[in-house]
Amino acid sequence: YGNPDAAVLALRNNDVDFLLNPSGLQQGFVDQLKEDPNITIVENKQNGFRYLAFNQNRSYFKGEAGKALRQAIACMVDLDFLTERVLQGAVLPVYTLVPEGNGFWHNPDVPKWCAGDDTKTRMEKAVQILKDAGFTWEKEPAWNEARGGSVEYGQGLKLPNGEKFPEVKLLAPSAGYDPLRATAGVYIEQWMRQLGIPATAELTNFNNILTAVYDTGDYDMFILGWG
């Protein structure tokens with residue numbers, strides 16, 4: 001069927017025996033069908049995740065230096081804080097594409113960058129990863145114990161070849177489309193800026209992200225989802 005309205009109507013009229021939708025039905029249709037005593041609904045829990053991706057066609061994200069940069073960012077992104085405190089347990093932290101429930105394929109030993117570390121330790125480890133890869137700063141990120149402790153933002157980050165790190169954009173869906181990804185984008189922007197990376201989260205129309213990622217290739221980073 002070309003649209004869910006026609007499919008649901010066919011099911012209720014007994015024109016088809018069952019209706020299978022891998023993306024799930026809208027809640028309004030589910031509520032309709034639950035009222036029909038002749039219809040039984042079977043629902044599976046959603047298996048999906050939201051992810052941050054980098055354009056490795058950009059010189060600053062490719063090669064060994066780019067790998068170190070991505071690892072340092074992963075270290076700064078506190079998934080426990082993001083999922084438990086910011087998003088109030090609406091999602092779970094994920095460190096591998098294969099969920100823990102898939103016991104045969106799940107690998108519990110994948111690297112979990114800075115998992116369980118506090119903010120100070122995360123910053124120090126991320127800075128060390130970048131220094132070991134040859135990155136430098138005009139002002140290196142530091143920990144300030146004043147007022148309970150906070151990160152003093154790095155400034156003037158330079159690539160291993162001495163060039164100034166360019167301004168980069170992080171594309172994420174707007175809050176109207178997905179408030180979880182929008183919120184994550186804003187926090188990731190700040191964590192990157194703490195490292196001295198001049199990143200800006202651009203919350204935009206979902207189709208704009210798809211065009212940049214799959215058509216033009218004109219992007220630095222994006223947050224999308226898979227399910």
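The values are calculated or read from the model by the stated rules, or taken from the named source; none is laboratory data. Since the structure is predicted, the reported quantities are computational estimates derived from the model, not experimental observations. Quick reminder, even Gly has a Cβ in these numbers, built from the backbone with ideal geometry, and neighbours come from all protein chains shown. These area figures cover heavy atoms from the full protein model, side chains too; ligands, DNA and RNA do not enter into them. Shrake-Rupley method; radii C 1.70, N 1.55, O 1.52, S 1.80 Å.
Listing for the model above:
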{"quantity": "Condition met for Leu171 (of a type in the set (A, V, I, L, M, F, W, C), open to solvent by 30 Å² or more (accessible area, probe 1.4 Å) and either under 26 Å from Glu64 (Cβ atoms) or part of a helix (DSSP H, G or I) (or both))", "calculated": "no"}
{"quantity": "Matching residues in the stretch 79-90 - criterion: being in a helix (DSSP H, G or I) and touching a helix residue (DSSP H, G or I) at 6+ places or on another chain (Cβ under 8 Å)", "calculated": "Leu82, Val86"}
{"quantity": "Output for the stretch 190-209, where each listed residue is within 20 Å of Trp143 (Cβ to Cβ) and either open to solvent by 30 Å² or more (accessible area, probe 1.4 Å) or not in a loop (DSSP other than H, G, I, E, B) (or both)", "calculated": "Gln190, Trp191, Met192, Arg193, Gln194"}
{"quantity": "Subset of the stretch 87-106 [open to solvent by less than 50 Å² (accessible area, probe 1.4 Å) and under 14 Å from the mean Cα position of the chain (by Cα)]", "calculated": "Leu87, Val91, Pro93, Thr96"}
{"quantity": "Where Glu124 falls short, out of the listed (1) in contact with a helix residue (DSSP H, G or I) (Cβ under 9 Å, 6 or more places away or on another chain); (2) closer than 22 Å to Glu64 by Cα; (3) not hydroxyl-bearing (Ser, Thr, Tyr)", "calculated": "(1)"}
{"quantity": "Filter result (surrounded by 14 or more Cβ atoms within 10 Å (Cβ to Cβ) and either assigned to a strand (DSSP E or B) or of a type in the set (Lys, Arg) (or both)) within the stretch 113-141", "calculated": "Lys120, Arg122, Lys125, Lys131, Thr136"}
{"quantity": "Some residue of the stretch 71-78 being surrounded by 10 or more Cβ atoms within 10 Å (Cβ to Cβ), touching a Leu at 6+ places or on another chain (Cβ under 9 Å), modelled with pLDDT under 95 and not in a helix (DSSP H, G or I)", "calculated": "no"}
{"quantity": "The one condition in (1) open to solvent by 50 Å² or more (accessible area, probe 1.4 Å); (2) in contact (Cβ under 8 Å) with a residue 40 or more places away in the chain that Glu84 fails to fulfil", "calculated": "(2)"}
{"quantity": "Per-region count, the stretch 1-40, residues over 30 Å from Trp226 (Cβ atoms), open to solvent by 70 Å² or more (accessible area, probe 1.4 Å) and of a type in the set (D, E, K, R)", "calculated": "4"}
{"quantity": "Any pair with Cβ under 7 angstrom, 6 or more apart, that starts in the stretch 1-29 at a residue that is modelled with pLDDT of 80 or more and ends at one that is polar (S, T, N, Q) and assigned to a loop (DSSP other than H, G, I, E, B)", "calculated": "Pro4/Gln26"}
{"quantity": "Glu152, sole failed condition from (1) open to solvent by 50 Å² or more (accessible area, probe 1.4 Å); (2) under 28 Å from Gln88 (Cβ atoms); (3) of a type outside the set (Ser, Thr, Tyr); (4) free of Cβ contacts under 8 Å to residues at least 24 places away in the same chain", "calculated": "(2)"}
{"quantity": "The stretch 41-59, subset among the charged types (D, E, K, R) and more than 30 Å from Asp218 (Cα to Cα), residue most open to solvent (accessible area, probe 1.4 Å)", "calculated": "Lys45"}
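Every residue, every condition in (1) over 18 Å from Met192 (Cβ atoms); (2) of a type in the set (Ser, Thr, Tyr); (3) part of a helix (DSSP H, G or I), yes or no:
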{"residue": "Ala65", "(1), (2), (3)": "no, no, yes"}
{"residue": "Leu69", "(1), (2), (3)": "no, no, yes"}
{"residue": "Tyr95", "(1), (2), (3)": "yes, yes, no"}
{"residue": "Gly101", "(1), (2), (3)": "yes, no, no"}
{"residue": "Trp105", "(1), (2), (3)": "yes, no, no"}
{"residue": "Pro111", "(1), (2), (3)": "yes, no, no"}
